[in-house]
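The values are calculated or read from the model by the stated rules, or taken from the named source; none is laboratory data. Keep in mind that what you see is a predicted model, and the values were worked out from it rather than measured. Don't worry about glycine lacking a Cβ; one is built from the backbone with ideal geometry, like all the others, and counts go over all protein chains shown. Protein only, heavy atoms only, side chains kept; ligands, DNA and RNA dropped before computing areas. Shrake-Rupley method; radii C 1.70, N 1.55, O 1.52, S 1.80 Å.
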Amino acid sequence: IMSYTQFLADETATIQFGRQCAALFRAPAIVYLNGDLGAGKTTFTRGLLRGMGHTGTVKSPTYAIVESYTLPEITINHFDLYRFSTAEEWEDAGLDDLTPNSLCLIEWAQQGSDYVPAPDYIIEFTHQDNGRQCIIHAQTPNAQKELAQWQT
Ligand code: ADP
Ligand code: MG
């Protein structure tokens, strides 16, 4: 399938959905997290990391640009490019070195323009009523297959 849509009524639902998505993604994969400030991208990542077995804190990478989590089975890199002033910062910071063997979750990927690797998945968060609508878009044939298996 090409996409999967889920309404998230509150923060707890976003965390829970992130946890469920831990069974969907495996490394290496590039996942863009799209949506306005406050749409739930970092909250979702918090749930995903919990689902993958991370027990410590999950900081927003807004200032650090990337926060990395090395778990027994997988390395997760959580990027936030919001503060990029030019797309070249992706290259200048050597961020390409982090992508090959990890699961990469990228907030504000458009700020890195073509420097950022193409996504396997795009997850779109939008405000809806007092909650959020979340749509997972599978961007490759393999991702479409994985998404179909996961949602059954
Ligand atoms: P982003 O990373 O997209 O800027 P954050 O995850 O940091 O957004 O913040 C989202 C804010 O919205 C937090 O205050 C969180 O508690 C809240 N939130 C997260 N998911 C939901 C939801 N499904 N419904 C309502 N509020 C939510
Ligand atoms: Mg964020």
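Taken across segment 89-108, residues that are within 14 Å of ligand 2 (Cβ to nearest atom), open to solvent by less than 60 Å² (accessible area, probe 1.4 Å), under 13 Å from the mean Cα position of the chain (by Cα) and farther than 16 Å from Ile136 by Cβ do occur, with at least one present.
So which residues in segment 29-53 are within 6 Å of ligand 1 (Cβ to nearest atom), in a helix (DSSP H, G or I) and open to solvent by 20 Å² or more (accessible area, probe 1.4 Å)? Across segment 29-53, the qualifying residues are Thr42, Thr43. Whenever a residue of segment 29-51 is on the phi > 0 side of the Ramachandran plot, its partners that are within 8 Å of ligand 2 (Cβ to nearest atom) and not β-branched (Val, Ile, Thr), lying with C-beta atoms within less than 7 angstrom and at least six residues away or across chains, give the pairs Gly35/Lys41.
Yes/no per residue for (1) polar (S, T, N, Q); (2) in a helix (DSSP H, G or I):
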| residue | (1), (2) |
| --- | --- |
| Trp90 | no, yes |
| Gln111 | yes, yes |
| Asp114 | no, yes |
| Ala118 | no, no |
| Ile122 | no, no |
| His127 | no, no |
| Arg132 | no, no |
| Asn142 | yes, yes |
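Selection within segment 111-137: residues that are open to solvent by 60 Å² or more (accessible area, probe 1.4 Å) and of a type in the set (Asp, Glu). The member of this set that is farthest from Gly35 (Cα to Cα) is Asp114.
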